[in-house]
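Asks: Let me give you the structure first, and then I'll get to my questions.
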Amino acid sequence: LSLVSNIKQLPYIYQVDIISNRIKLQFDVKYTKNIKSDIQDLCSKINDKAKIKWLKQQNNKLDLILLRIIIGVILFLLALIFDYNTATIILLVAYVSVSYDVIVRAIYSCIKGKIFDENFLMTIATFSAIFMHEYKEALAVVLFYQLGEYCQNKAVKHSRHSISELMDIRPDMAVVKH
């Protein structure tokens, strides 16, 4: 049996994905202490020189982006019922909460010398709208951009998961008859 199929047989493993020569595990956190030694033992049985590099799980950024989009939409709608000065403050707060990661990525891109990437262009477009006192348009542009990024990232995540599931279907061995 292969390493992946042995790992799948561990009782606390929910899901095993292989993405570009990395094995991604989802497991019950109660067994965190056991998992490293168990998987190292499985690897050692297959190849005694195998080394495991444990990577920290990345936070699910998609949920955070979606939450910021929803808050931005709520604040946008809330700003529609207030007077101009109050609405301006609400729209600027919503703009900063929705677009801060785009602005930060634009700054990092400029530092690295890549000044005409999509984050920089989005930042320039929305700053221009703010400069012209078109706060609703600035927020709407960044909301649509973040929604598009969210949908794209969700689709990529889904397709990677589908590809890893297809890899599980493939046969481990083929017999060729003459």
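The values are calculated or read from the model by the stated rules, or taken from the named source; none is laboratory data. Since the model is a prediction, treat every value here as computed from it, not as a measurement. Neighbour counts run over all protein chains shown; Cβ positions are idealised from the backbone, glycine included. These accessible areas exclude ligands, DNA and RNA; they are computed on the full protein's heavy atoms, side chains included. Shrake-Rupley method; radii C 1.70, N 1.55, O 1.52, S 1.80 Å.
Asks: Within region 107-127, can you find the residues that are under 15 Å from Leu91 (Cβ atoms) and free of Cβ contacts under 8 Å to residues at least 24 places away in the same chain?
Replies: Phe127
Asks: Would you please list the contacts, defined by Cβ atoms under 9 Å and residues six or more apart or on different chains, that run from a residue in region 65-94 that is of a type in the set (Lys, Arg) to a residue that is surrounded by fewer than 18 Cβ atoms within 10 Å (Cβ to Cβ)?
Replies: Arg68/Ser97; Arg68/Tyr100; Arg68/Asp101
Asks: Does region 124-141 include one or more residues that are closer than 23 Å to Leu75 by Cα, in contact with an Asp or Glu (Cβ under 7 Å, 6 or more places away or on another chain) and not hydroxyl-bearing (Ser, Thr, Tyr)?
Replies: Yes, some residue in region 124-141 is closer than 23 Å to Leu75 by Cα, in contact with an Asp or Glu (Cβ under 7 Å, 6 or more places away or on another chain) and not hydroxyl-bearing (Ser, Thr, Tyr).
Asks: Counting only residues that are more than 27 Å from the chain's Cα centre (by Cα), surrounded by 15 or more Cβ atoms within 10 Å (Cβ to Cβ) and among the β-branched types (Val, Ile, Thr), which one in region 61-95 is nearest to Glu149 (Cα to Cα)?
Replies: Ile90
Asks: Which ones in region 106-155 are of a type in the set (D, E, K, R) and either over 24 Å from the mean Cα position of the chain (by Cα) or open to solvent by 90 Å² or more (accessible area, probe 1.4 Å) (or both)? Talk me through it step by step, then tell me what you get.
Replies: Going residue by residue through region 106-155, those that are of a type in the set (D, E, K, R) are 112, 114, 117-118, 134, 136-137, 149, 154.
Scanning region 106-155 gives Lys112, Lys114, Glu118, Glu134, Lys136, Glu137, Lys154.
Asks: Still on this structure, I have one more. With respect to Lys53, is the statement that it is part of a loop (DSSP other than H, G, I, E, B), among the charged types (D, E, K, R), at pLDDT below 90 and surrounded by 12 or more Cβ atoms within 10 Å (Cβ to Cβ) true? Lay out the reasoning, then the answer.
Replies: Details: part of a loop (DSSP other than H, G, I, E, B): yes; among the charged types (D, E, K, R): yes; at pLDDT below 90: yes; surrounded by 12 or more Cβ atoms within 10 Å (Cβ to Cβ): no.
Against the criterion (part of a loop (DSSP other than H, G, I, E, B), among the charged types (D, E, K, R), at pLDDT below 90 and surrounded by 12 or more Cβ atoms within 10 Å (Cβ to Cβ)), Lys53 does not qualify.
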